[in-house]
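See below for the structure under consideration.
All of the numbers you see were taken from the coordinates with simple rules; none came from a lab. Every value quoted in this text rests on a predicted model; they were computed, and no experiment measured them. Because the Cβ atoms are built from the backbone with ideal geometry, glycine has one as well, and the counts that use them run over all protein chains shown.
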Amino acid sequence: IERAIYRFLVTPLAEQAVIERKITGVNHEVLLRNTQTGLYSKSYFEHEVKRELVRAERYKSPYSLILVRINKFNEIAQMHPTEATQFAESIFKAVSAGLRTLDTTCVWSMDSLGILLSETPKSNARVVVQRIQQNVAGLEYLYSIRKPSVSLGLAGSDDGHKSVGDLLAAAERSLAE
């Protein structure tokens, strides 16, 4: 379970543990990533999207946002409850394969991923969308559960979004198309 910690008090026992070097610095990577998937947390993803909007406004740098939703995931979860999580994780790994280190990927919901492609106009992001579709289509070992398929929504700086909410709503609408 991920939880945001907004404030805390250091107890005398904790202070002594730090002095004795039993407690060391915080690994920020652990705080920014979902421990199950290794992908970024949703809150960090939203933070990065806000930063990208500011960067686009100030420097006119392009970006794209892709939402990837596993089709019929609720049916899969009902018919194969013990395998549904691994099914989703396999698709998430295939979707993430080949992305740049610069790209920010998070588990958006149980059946969806969000991908922020910095410095990438929508025309180039469409190539990434095609590669994602090919990667998912190649997951033949999942066919015993169900042939994997995903819907992809794409939005970006080309569309002139001014807020994270507008950008995400555009990607959601694009999913339905």
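A few points about this structure:
- With respect to the chain, whose longest principal axis is taken over its alpha-carbon atoms, helix 164-176 is tilted by about 30°.
- Angle between the chain longest axis and helix 122-137 axis [Cα atoms, degrees, rounded to 10]: 90
- Alpha-carbon geometry of the chain: the Rg and the Dmax are 18.9, 59 Å, given in that order.
- Region 1-20 and region 159-177 have Cα centres spaced 39 Å apart.
- Cα centroid separation - region 101-119 against region 35-87, whole Å: 4
- The angle between the Cα long axis of helix 84-96 and the longest principal axis of the Cα atoms of the chain comes to about 80 degrees, rounded to the nearest 10.
- Full-extension gain in nm, Lys162 to Ile145, via 0.36 nm per residue minus C-alpha separation: 2.0 nm
- Once C-alpha pairs closer than 8 Å and six or more residues apart are averaged by separation and normalised to the residue number of the chain, the relative contact order reads 27 percent.
- Taking 24 Å as the straight-line reach from the Cα of Lys147, the lysines in range (excluding those fewer than 8 positions away in the same chain) are Lys72, Lys93.
- Debye, to nearest 20: dipole size of region 1-135, +1 on Lys, Arg Cβ, -1 on Asp, Glu Cβ: 420
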